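A short worksheet on the structure shown next.
The values are calculated or read from the model by the stated rules, or taken from the named source; none is laboratory data. None of these values were measured; they are calculated from a predicted model. All Cβ positions, even for glycine, are placed from backbone atoms using ideal geometry, and neighbour counts span all protein chains on display.
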Amino acid sequence: MQTKLILITAAMIGSIAGTAFAQEGTVTGAAGGAVTGAIVGGPVGAAVGGVVGAIAGTAVAPPPPPVVTYVRQQPVPAETVIIEQRVAVGEPIPPQVVLTPIPEDPTYSYAIVNNQRVIVDPQTYVVVGVVE
């Protein structure tokens, strides 16, 4: 019976997290999932919600258009950084990569990595956009 309750609660929280994501563009992660889970399903819901929220919390809102335009207009340096890992939105890049701040919006920085222009959250080094 308890397993069935956990599965039902997880499904409910998954649908709530999806709705919250669609409305806000970002998800608060494990903490937000735990709070939502506690409201929906009590202590068991809090545990399940924390797991669901942590998974959904990796979703990243795209950078605003002025930031993308700024990065697109910057010249590409003669040498770019090459890393072994795949560059993808939502994934961190190594902290050794030197980031260039975006003057109009310091909440973003950019770098040229693996011959791609990437927009990065400078605090977490998570890629929030790849400029084509």
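Can you tell me how many residues in the stretch 106-120 are within 16 Å of the chain's Cα centre (by Cα) and free of Cβ contacts under 8 Å to residues at least 24 places away in the same chain?
Here the count works out to 2.
Exactly one condition in (1) at pLDDT 70 or above; (2) among the hydroxyl-bearing types (S, T, Y); (3) buried (at least 16 other Cβ atoms within 10 Å of the Cβ) is not met by T36; state its number.
(1)
Considering only the stretch 112-123, state which residues are closer than 18 Å to P64 by Cβ and either buried (at least 18 other Cβ atoms within 10 Å of the Cβ) or hydroxyl-bearing (S, T, Y) (or both).
Listed by number, the residues that qualify are R117, V118, I119, V120.
How many residues are modelled with pLDDT of 90 or more, in a helix (DSSP H, G or I) and either under 11 Å from the mean Cα position of the chain (by Cα) or buried (at least 16 other Cβ atoms within 10 Å of the Cβ) (or both) when one looks only at the stretch 44-67?
The total comes to 1.
Among what's in the stretch 73-87 and is of a type outside the set (A, V, I, L, M) and loosely packed, with under 10 Cβ neighbours inside 10 Å, pick the residue that is modelled with the lowest pLDDT.
Residue satisfying both the conditions and the ranking: E79.
Step by step: first the residues of the stretch 95-111, then only those that are surrounded by 14 or more Cβ atoms within 10 Å (Cβ to Cβ) and of a type in the set (S, T, N, Q), then the one that is farthest from E79 (Cα to Cα). Which residue is that?
S109
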